[in-house]
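Worksheet: one structure, shown below.
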Amino acid sequence: MTAADLVVLDAHVLTMDQHAPPTDAIAARDGQIVALGADARALIGPHTEVLEAHGHTVTPGLTDCHQHPVMGADTTRGANLVGALTLDEVLRRLAEQAAPCGSDDWVIGFGGEYAAFAGRAIHRDLIDAAVGGRPAFVWMSDSHTALLSTAALRLAGLTGPREFADHSEIVCDERGPTGELHEMTACLLGYRAVPPMPRAELLARVEELFAEQNRHGVTGGHVPDDAPRTVDTLAGLAEEQRLSMRIRLAPWCPPGEVDHLAERIGELRALTGLVRLAAVKFFADGAIDGGGAWLHEPDCCGQSHRSQWKDFDRYAEAVAIAARAGLPAWTHAIGDRAVSRALDVYAEHGAPFGTRHRIEHAELLSDADVPRFAALDVVASMQPTHMDWSLPDHSDNWSRRVGPDRAARAWRYADILAAGGHVALGSDWPVAAFDPRRTLAGAQLRRPAGEPDRAPYGASAAITARQALAGYTTEAAYAAGEDTVSGRIAVGRLADLTMFAADPLTCRPDDLPELPVTATVVAGRVVHRA
């Protein structure tokens, strides 16, 4: 009998399989679980690594179903504007960042809060003095809007409006570009002018990011983007055996790239090992905070009334191209009309056998669309901690834009589950923190953990601890079309495991962020041990 590479002993194992008998030991060989219980103990050999659990709780490895690790590692540099809720504080942080810079150096900021610009246009005039006339690029918190200084616009060659294949926009007034870039195509065009981070530095930042996620119990991530350096960085880490996460990739297909989609799919099929092609990502709309979502009725500012696609039939054509290539669609759809229209397309062009189409975010849902997720076998991929910006008194930018009636139909993951659908959970890092314990808590509380005096945002739509954990395990596997090989602790499944100091199902949600992660295993290899 061949010895195991790893055996976990004396564990309280949550298999996430209701039909499996209880077990307290797990054996792994060649990246797979090969035995449980007494059979696992029998596989301990002279070279087996033994992980003593001391009664700690072991779950299937936690998979973050929506994050942007490379883009985030590249863009979260410079001035951290998260939590800067007033313009004065934004300017103070930018000025502090600019102070040691040369006159031609770029000033970069990230996490800009819409609340800081309440009642004002997002305009270069607001930041030019703070950065001392230097080129500056500020990402807003949702990564769908950016603000450039006057000098940055000049260096980027942005002198007026520009026609894009989608509805991205260089916002202009009577003086020309205001500095606001609206939606992804425009933002990335402006970001090209920013000096790129050296490749070695970017690889190191992503490697450390994944190590930090491992320390928080994350074993894998679904990466729905094809930002300029995403594939090169992930493939580079894998090639150098520096990758500690299982990655499933869904490259973007913007409207202008539909004719090249089949070719791009062919290029990415070469990815193997821990990084694999899983789907194709589309944007049906943008974000509510910046007025770029697609609602059945415009928001209270008269915006969010159209798709990112100028010809939505082209989106349907692209979904069909992906399906013929054996890949499902993962579609960013935040507004209720975007969700409805994406589901219409999915009804016409079903996912290939063994895969599932997904709706990413699904922040607003019409009543009629809730049961369609189950009926069409479409997974809702949702991020509960996005609600952290939404206040119970509806005074925040998101709530004011949608209005109280639509706010009552926000983040309906409990309703989707109750209707028989599937909900996978994630963070959308760098938009929100990647700590899965905070997301698990937020799904149950519908408010930030550790703020018991804050009322929940729609308490009736909260889910149970087991449903939340399933969103990171069994539902995550289902969402990636890997429900027969991962997401549960069973013989033959992938040996991705997360160990907690106590049971996350019985831990008070407000205490979850402090629940220690004592070990993390990816493909049978211990990547974190406390």
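The table below gives the values:
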| quantity | calculated |
| --- | --- |
| ILE247 long-range amide H proximity, modeled H, under 5 Å | GLY221, VAL275, ARG276 |
| Protein-only accessible surface order, largest first, of PHE434, PHE500 at 1.4 Å | PHE434, PHE500 |
| Between segment 18-90 and segment 127-164, the alpha-carbon center distance in angstrom | 39 |
| In Hz, Karplus ³J(HN,Hα) per residue of segment 367-383 (6.51, -1.76, 1.60; θ = phi - 60°; x = Gly, Pro) | 4, 5, 8, 4, x, 5, 4, 5, 4, 9, 6, 9, 8, 8, 9, 10, 10 |
| Bridge type composition, the chain - antiparallel percent by DSSP, nearest 5 | 45 |
| Share of carbon and sulfur in the accessible heavy-atom surface of segment 137-230 [1.4 Å probe, %] | 54 |
| Mean separation of Cα contacts under 8 Å, 6 or more apart, over the residue count of segment 86-245: relative contact order % | 16 |
| Theoretical FRET efficiency, 1/(1+(r/R0)^6), r = Cβ-Cβ of ARG77 and GLU267, R0 25 Å, to 0.05 | 0.30 |
| Heavy-atom surface of segment 349-433, accessible at 1.4 Å and reported per residue (Å²) | 33 |
| Whole-Hz couplings from phi, Karplus 6.51/-1.76/1.60, listed for segment 331-346; x for Gly and Pro | 10, 5, 9, 9, x, 5, 6, 4, 5, 4, 5, 5, 5, 4, 5, 4 |
| Using a Förster distance of 25 Å, the FRET efficiency for VAL491-VAL526 (Cβ separation, nearest 0.05) | 0.80 |
| Mean separation of Cα contacts under 8 Å, 6 or more apart, over the residue count of segment 295-381: relative contact order % | 27 |
| Per-residue ³J(HN,Hα) for segment 261-273, Karplus 6.51 cos²θ - 1.76 cosθ + 1.60, θ = phi - 60°, Hz, x for Gly and Pro | 5, 4, 5, 5, 4, x, 5, 7, 5, 6, 5, 9, x |
| Segment 207-327 shape via C-alpha gyration tensor axes, a/c threshold 1.5 | oblate |
| Virtual spin-label span in nm between GLU208 and ARG400, 7 Å along Cα→Cβ | 3.8 |
| Counted charge near ASP396, where neighbours are those whose Cβ lies closer than 11 Å (Asp, Glu -1; Lys, Arg +1) | -2 |
| Average accessible surface area per residue within segment 1-118, 1.4 Å rolling probe, Å² | 43 |
| Probe 1.4 Å, all protein chains present, accessible-area order of CYS187, CYS507, CYS172, CYS300, largest first | CYS300, CYS172, CYS507, CYS187 |
| Label-point separation, HIS54 to ALA459 (7 Å along Cα→Cβ), nm | 3.9 |
| Label of the coordinate-derived value, Cα Rg over 2.2 N^0.38 Å, listed as (i) 0.96; (ii) 1.16; (iii) 1.08 | (i) |
| Relative contact order computed over the chain (Cα-Cα under 8 Å; 6+ residues apart), in percent | 17 |
| ASP377-GLN241 FRET efficiency (beta carbon distance; Förster radius 35 Å; 0.05 resolution) | 0.45 |
| Carbon + sulfur, % of accessible area of segment 258-316 - ligands and nucleic acids excluded, 1.4 Å | 47 |
| Segment 1-60 - percent of accessible surface contributed by carbon and sulfur, probe 1.4 Å | 50 |
| Pairwise label distance in nanometres, GLU317 with ALA95, each label 7 Å out on the Cα-Cβ vector | 5.3 |
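The values are calculated or read from the model by the stated rules, or taken from the named source; none is laboratory data. Please read these numbers as outputs of a predicted model, since none were measured by experiment. FYI the Cβ positions are ideal-geometry reconstructions off the backbone, even for glycines, and counts take in every protein chain you see. Note: accessible area is taken over every heavy atom of the protein model, side chains too, but ligands, DNA and RNA are not part of it. Shrake-Rupley method; radii C 1.70, N 1.55, O 1.52, S 1.80 Å.
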